[in-house]
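As structure tokens, the structure follows; a few thoughts come after it.
The values are calculated or read from the model by the stated rules, or taken from the named source; none is laboratory data. This one's a predicted model, so the numbers in the text were calculated from it and none came from an experiment. Here the Cβ positions follow ideal geometry from the backbone for every residue, glycine too, while neighbour counts run over all protein chains shown. For accessibility, only protein heavy atoms count, side chains too; no ligands or nucleic acids. Shrake-Rupley method; radii C 1.70, N 1.55, O 1.52, S 1.80 Å.
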Amino acid sequence: MTAVAPQTARSIRPAKGKLGVLCVGLGAVTTTFMAGVENIRRGRSKPIGSLTQMGTIRLGKRTESRMPLIKEFVSLAALDDLVFGAWDPIPDNAYESALKCGVLDKHEHVEPIADFLKGITPMPAVFDQFYVKRLAGTNVKQGKTKRELAEALRKDIRDFKAKQGCDRLVMVWCASTEVFIAPGPTHQTMATLEKAMDANDPSIAPSMLYAYAAIMEGVPYANGAPNLSCDVPALEALAREKRVPIGGKDFKTGQTMLKTVLSPMFKARMLGVAGWYSTNILGNRDGEVLDDPESFKTKEESKLGVLDNILQPKLYPELYGNIFHKVRINYYPPRGDNKEGWDNIDIFGWLGYPMQIKVDFLCRDSILAAPLVLDLAIFFDLAARAGLSGIQEWLSFYFKSPQVGPGLYPEHDLFIQLTKLKNTLRYLKGEEQITHLGIEYYENE
Ligand SMILES: NC(=O)c1ccc[n+]([C@@H]2O[C@H](COP(=O)([O-])OP(=O)(O)OC[C@H]3O[C@@H](n4cnc5c(N)ncnc54)[C@H](O)[C@@H]3O)[C@@H](O)[C@H]2O)c1
């Protein structure tokens with residue numbers, strides 16, 4: 001059996017100095033992320049849920065027993081080297097916001113780090129209620145044109161970097177979901193996009209201005225919400241031209257994560273699916289924003305795409321050609337950030353006999369999302385130091401609607417995504433890819 005030739009390791013700049021993590025939005029997810037990192041740094045908690053902090057990676061043959069921690073295998077920014085900044089139209093600092101969001105226990109995880117949280121005050125946001133109907137804020141930048149606003153964001157980025165003495169920066173969109181916008185003519189090239197920015201065209205949402213500002217400043221950009229943001233041809237091309245890593249969309253946390261685990265199982269066993277009904281109750285600000293039909297439409301598109309891509313109804317019309325798929329999010333304040341997601345799945349097996357699966361996931365939205373923000377910040381920084389640019393498909397693992405290059409369909413299966421991620425790390429370090437073939441253990445050379 002011929003072994004796969006080892007790769008040449010890519011040169012990766014070492015993770016020296018401070019990494020500034022700029023979050024757009026200082027709400028539930030961002031404050032849970034920042035407060036979590038600080039609690040962990042002070043030895044008060046463990047980084048549960050974070051692959052960069054707790055994950056290992058197998059190298060070489062199974063007989064070699066080489067399984068280092070990922071953070072020991074590749075050079076990653078250390079938690080102690082992270083510094084944080086944010087923009088938000090609501091002027092609350094991270095301490096006030098964390099208390100209002102009510103995700104973390106005040107006495108256990110907020111008060112002991114109050115000094116740290118009070119030091120994070122949001123910069124004035126580029127915000128327009130046209131794009132997030134259920135939100136109003138006072139901490140908002142003024143500018144005659146969208147281009148001017150984007151330039152103001154670029155200045156914020158440069159000022160933050162200088163003031164904090166950062167070596168590198170990354171930006172993660174953790175702000176509210178904007179109304180649905182279909183990619184159109186203004187999004188095709190940088191010339192059309194910049195012209196539209198100058199003309200205050202409504203097809204240019206604030207999330208595109210943040211993405212534009214980040215890329216222009218050479219800052220990797222990850223989009224944790226389903227709005228288009230950097231997922232337009234003009235910004236993809238800009239990211240390639242400026243050699244900046246980008247990616248999105250929409251953190252894959254609760255119900256959709258379960259979907260991307262359960263549906264590959266049905267397909268692997270050739271079990272049919274007749275219907276999948278998903279509903280949620282959620283009482284945080286995100287739930288309130290998503291109660292607006294236009295913001296929900298953006299989320300719905302992101303949640304609905306998953307099944308089609310995994311189950312491939314065109315390839316398997318008898319099994320998946322006629323699925324009734326419905327997704328609802330209902331704003332229900334008493335639950336706060338503690339979402340409850342129900343799934344009813346109607347499947348069918350041998351000779352067409354029907355069966356049902358019911359899932360009731362009592363999850364905590366921001367507790368699931370916070371470690372994803374950390375991993376994305378750390379891996380996007382790695383991507384930049386390794387000279388990767390444009391769409392980072394290997395980080396699809398973290399997203400509900402992974403951004404992919406033209407002509408490619410996204411990979412949604414969580415475990416294929418994990419394999420892709422770890423194989424990319426092996427590739428960067430010049431280690432053999434793991435194919436799981438395994439025949440070499442049983443056949444002689
Ligand atoms: N499990 C999860 O929590 C999860 C999963 C997937 C995606 N998301 C997405 O992550 C985002 C954040 O979720 P959250 O629970 O923290 O919501 P949140 O409402 O608590 O926080 C969002 C913050 O963004 C701010 N904001 C809105 N528009 C802004 C702009 N243009 N510039 C700067 N700030 C702006 C809001 O004022 C708010 O403080 C949402 O879009 C949500 O859909 C969350």
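Worth pointing out:
- If only residues of segment 402-418 that are under 20 Å from Leu228 (Cβ atoms) and touching a Pro at 6+ places or on another chain (Cβ under 6 Å) are counted, the one that is least open to solvent (accessible area, probe 1.4 Å) is Pro402.
- Among residues of segment 12-45, those that are assigned to a loop (DSSP other than H, G, I, E, B), touching a strand residue (DSSP E or B) at 6+ places or on another chain (Cβ under 7 Å) and more than 15 Å from the ligand (Cβ to nearest atom), counted: 2
- Residues of segment 187-226 that are part of a helix (DSSP H, G or I) and within 12 Å of the ligand (Cβ to nearest atom): Pro206, Ser207, Met208, Leu209, Tyr210, Ala211, Ala213.
Results for (1) modelled with pLDDT of 95 or more; (2) farther than 29 Å from Lys242 by Cβ, shown as yes or no for each residue.
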{"site": "Tyr332", "(1), (2)": "no, yes"}
{"site": "Pro371", "(1), (2)": "yes, no"}
{"site": "Gly387", "(1), (2)": "yes, no"}
{"site": "Ile391", "(1), (2)": "yes, no"}
{"site": "Thr419", "(1), (2)": "yes, yes"}
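- Which listed residue, of Ala114, Ala136, Ala78, Ala86, is open to solvent by less than 70 Å² (accessible area, probe 1.4 Å) and within 16 Å of the ligand (Cβ to nearest atom): Ala86
- Test: Ala239 is among the small types (Gly, Ala, Ser), away from the ligand (no atom under 16 Å from the Cβ) and surrounded by fewer than 21 Cβ atoms within 10 Å (Cβ to Cβ): no
- For segment 169-193, a tally of residues being farther than 27 Å from Lys297 by Cβ and either open to solvent by 20 Å² or more (accessible area, probe 1.4 Å) or β-branched (Val, Ile, Thr) (or both) returns 3.
- Subset of segment 117-133 that is in contact with a Pro (Cβ under 8 Å, 6 or more places away or on another chain) and in contact (Cβ under 8 Å) with a residue 60 or more places away in the chain - its residue that is farthest from the ligand (Cβ to nearest atom): Phe130
- Extreme residue, nearest to the ligand (Cβ to nearest atom), among residues of segment 89-100 that are surrounded by fewer than 22 Cβ atoms within 10 Å (Cβ to Cβ) and in a helix (DSSP H, G or I): Lys100
- Here Ala182 fulfils each of the conditions (1) at pLDDT 95 or above; (2) away from the ligand (no atom under 16 Å from the Cβ) apart from (1).
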